[in-house]
Amino acid sequence: MPKQQPWTPDSWKSRPVEQQPEYPCPQECDRVLERIQSYPPLVVVGEVEKLKEQIALAGAGKAFILQGGNCAERFIDCNETNVANKLKILLQMSVILTYGVRRPVIRIGRIAGQYAKPRSKPTEIVNGKEMPSYRGDAVNSMEPVLDTRIPDPSRLESSYFHAAATLNHIRALLDGGFADLHDPYRWNLDTIESSEKWHEYSHVVERILDAIGFMESFGGVREEVLGRVDFYTSHEGLLLGYEQALTRPDVTAKRYYNLGAHFVWIGVRTRQISGAHVEYFRGISNPIGVKVDSTCTPEELVSLIGILNPGNEPGRLTLITRFGARKIDQFLPPLLHAVRKSKRQVTWVCDPMHGNTTQARNGTKTRDFSLIVQELHQTFQIHKELDSCLAGVHFELTAENVTECVGGAGDLSSEDLSRRYETYCDPRLNDSQSLEMAFLIARWLQTP
Ligand code: PEP
Ligand code: CO
């Protein structure tokens with residue numbers, strides 16, 4: 001491990017860096033980043049610190065984290081309906097969880113900044129033609145045209161403005177009473193209620209809906225159920241130039257925060273201990289996450305924790321595990337043991353999506369709802385058996401009735417996928433699959 005030099009917002013530049021776009025004109029990129037640096041931050045230190053405290057509570061079993069949203073956000077989806085729908089599904093799930101879990105639910109959207117995607121391969125074949133991979137709207141265009149796949153730095157500035165517009169609308173909706181559970185904030189439970197599985201969890205669903213109805217009869221659930229309706233933003237902190245431009249000192253000038261989002265995470269492709277991403281993340285004071293998969297050894301994980309949370313601050317570091325249903329039994333327990341032995345404070349969250357991506361017969365990328373459920377359920381059980389705490393969940397989901405993941409109450413088959421397959425990157429749970437997932441979690445957490 002390299003000896004640690006003092007951290008600065010740009011000290012990551014001295015480390016090997018993965019997954020960065022190669023701009024035809026780097027000077028143009030510098031000019032764009034300078035402008036972004038001059039813009040106001042998107043969030044403020046007080047909010048970021050509050051989230052850190054809440055994540056610490058979740059780590060101690062006193063709150064529960066619901067993190068979710070698109071795999072990749074796109075600029076064209078930055079419109080009133082889309083933003084409202086994304087907020088709606090997360091709020092609905094959080095209401096179900098609040099009742100099920102009987103703990104405050106911390107809502108964190110993969111939203112207002114999730115514009116950059118790490119890719120396993122530099123090129124991809126679209127319509128039989130090889131071209132540079134789409135790396136998210138922050139980098140290039142999804143359109144399968146060679147020219148528009150060339151990284152364009154002006155897209156970084158567009159990311160800032162689209163994130164600002166999205167966040168502005170979220171804040172306005174919440175301030176304006178959107179969290180009220182009345183129309184147009186309707187529950188779409190038809191698919192779940194008409195499914196064969198209904199009897200499995202009708203009890204939980206009915207109890208939760210009864211409780212919500214009861215609260216509503218007292219003049220609305222807004223205050224009682226959702227509290228102050230805090231909502232936080234998050235994205236993968238991938239493009240380090242952009243993240244650096246939104247990194248600002250606090251009033252004491254002793255601490256730095258990434259004020260482009262409340263929470264940022266390191267993906268599995270960029271978590272190299274000596275790499276630039278770990279270097280950048282170690283110096284910001286936000287609550288941060290690291291995705292953990294089966295390639296991460298217990299020793300490596302303990303070293304990463306030491307670098308990323310040297311002060312052992314509760315709420316600072318969330319480990320987001322994503323092994324896949326077939327690997328979880330083998331890989332999670334050794335990591336839990338190692339972290340326990342190291343006496344390090346972390347918050348564990350499960351992302352049951354990214355280890356369960358498969359290809360349907362026609363080659364479409366999909367995920368099987370039952371495997372997602374299986375990984376999550378096993379994760380809860382393993383934590384419980386080892387006297388650890390699973391503090392939250394991380395999903396790729398949408399409020400639209402898309403057909404991207406097979407299974408679930410609507411029993412989507414691989415033949416159904418072409419009906420409404422709209423994701424720009426990974427397959428997401430649709431509205432009824434998301435609600436079903438929330439009911440399942442509520443049920444598991446109610447069983448003593
Ligand atoms: C993601 O969250 O979209 C992602 C790419 O995850 P991971 O880094 O776990 O593969
Ligand atoms: Co994804």
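Here G324, G275, G306 are screened, and the one residue that is of a type outside the set (S, T, Y) and away from ligand 1 (no atom under 14 Å from the Cβ) is G306. The set of residues in segment 350-363 being without any contact (Cβ under 8 Å) to a residue 60 or more places away in the chain and either within 15 Å of ligand 2 (Cβ to nearest atom) or assigned to a strand (DSSP E or B) (or both) consists of C350, P352, N356, T358, Q359.
Just a yes or no: is a residue in segment 380-387 open to solvent by less than 10 Å² (accessible area, probe 1.4 Å), more than 19 Å from I89 (Cβ to Cβ) and away from ligand 1 (no atom under 16 Å from the Cβ)? Checking segment 380-387: at least one residue is open to solvent by less than 10 Å² (accessible area, probe 1.4 Å), more than 19 Å from I89 (Cβ to Cβ) and away from ligand 1 (no atom under 16 Å from the Cβ). Does K121 fit the bill of being farther than 18 Å from M437 by Cα, at pLDDT below 95 and within 15 Å of ligand 1 (Cβ to nearest atom)? When the stated conditions are applied, K121 passes them.
Yes/no per residue for (1) of a type in the set (D, E); (2) open to solvent by less than 30 Å² (accessible area, probe 1.4 Å):
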residue: P41; (1), (2): no, no
residue: E47; (1), (2): yes, no
residue: E53; (1), (2): yes, no
residue: A60; (1), (2): no, no
residue: I65; (1), (2): no, yes
residue: G68; (1), (2): no, yes
residue: C78; (1), (2): no, no
residue: A84; (1), (2): no, yes
residue: K88; (1), (2): no, no
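For segment 73-87, a residue qualifies if it is assigned to a helix (DSSP H, G or I) and in contact with a Phe, Trp or Tyr (Cβ under 8 Å, 6 or more places away or on another chain), and the qualifying residues are F75, A84, L87. Residues in segment 364-379 that are away from ligand 1 (no atom under 16 Å from the Cβ) and part of a helix (DSSP H, G or I) were compared, and the one that is farthest from K197 (Cα to Cα) is Q378. The set of residues from segment 380-391 being closer than 22 Å to Q433 by Cα, assigned to a helix (DSSP H, G or I) and either touching a residue at least 24 places away in the same chain (Cβ under 8 Å) or of a type in the set (S, T, Y) (or both) comprises just one member, F380.
Looking across segment 272-311, the residues that are open to solvent by 20 Å² or more (accessible area, probe 1.4 Å), in a loop (DSSP other than H, G, I, E, B) and more than 23 Å from I55 (Cα to Cα) come down to Q272, I273, S274, S294, T295, T297. Here D147 clears all of (1) open to solvent by less than 50 Å² (accessible area, probe 1.4 Å); (2) free of Cβ contacts under 8 Å to residues at least 24 places away in the same chain except the condition numbered (1).
The values are calculated or read from the model by the stated rules, or taken from the named source; none is laboratory data. Since this is a predicted model, take the numbers as computed values, not measurements. Note: ideal-geometry Cβ built from the backbone for every residue, glycine included; neighbour counts use all protein chains shown. Side chains are part of the model used for accessible areas, which takes the heavy atoms of the whole protein and leaves out ligands, DNA and RNA. Shrake-Rupley method; radii C 1.70, N 1.55, O 1.52, S 1.80 Å.
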